[in-house]
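Structure first, then comments.
The values are calculated or read from the model by the stated rules, or taken from the named source; none is laboratory data. Here the structure is a predicted model, which means the values were calculated and not measured. Every residue, glycine among them, receives a Cβ derived from its backbone with ideal geometry; neighbour counts consider all protein chains shown.
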């Protein structure tokens with residue numbers, strides 16, 4: 001623990017025990033309060049500290065659960081790849097609430113060269129090439145080797 005963190009921890013503990021550093025600004029401000037105002041301030045400080053601890057716990061929980069969710073999504077995409085085959089086309093999208101906000105993961109797989117050449121994955125020539133790949137090339141050993149190399 002750094003000396004700065006140690007100083008903060010000591011000050012926090014001192015304040016929780018009602019020991020205010022002599023000559024501090026805090027001592028001067030609190031010195032002007034009557035006992036009921038001082039008690040109210042202690043309660044508010046305790047509630048604020050409790051709120052900070054609860055938020056820290058909630059962020060930790062979001063981080064852990066989002067990690068589990070993201071890992072699960074990645075596993076599902078791998079299963080999808082195995083079940084459809086490495087030459088298939090698919091889109092998968094996952095949205096996750098993380099400790100830092102919302103995260104979106106999108107995985108797309110398709111025939112990129114033909115799609116780029118013809119401008120659309122639904123262009124008739126792209127569909128014809130996919131059909132040729134799936135119904136002719138993928139049914140032959142040399143065709144599968146060609147597709148894998150491609």
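Of all the numbered requirements in (1) exposed (fewer than 11 other Cβ atoms within 10 Å of the Cβ); (2) modelled with pLDDT under 75; (3) more than 31 Å from the chain's Cα centre (by Cα), residue 36 misses one, and that requirement is (2).
When the criteria are applied in full, residue 79 fails the requirement of being closer than 21 Å to residue 67 by Cα, touching a strand residue (DSSP E or B) at 6+ places or on another chain (Cβ under 8 Å) and modelled with pLDDT of 80 or more.
In the stretch 47-69, the residues that are free of Cβ contacts under 8 Å to residues at least 60 places away in the same chain reach residues that are part of a helix (DSSP H, G or I) with C-beta atoms within less than 9 angstrom, at least six apart or across chains, in these pairs: 49/12; 49/16. Within the option set 84, 80, being within 30 Å of residue 140 (Cβ to Cβ), over 27 Å from the mean Cα position of the chain (by Cα) and not assigned by TED's automatic domain parsing to the domain that holds residue 13 holds for one residue only, 84. Of all the residues in the stretch 138-150, those that are at pLDDT below 85, closer than 18 Å to residue 84 by Cβ and either more than 38 Å from the chain's Cα centre (by Cα) or assigned to a helix (DSSP H, G or I) (or both) number 5.
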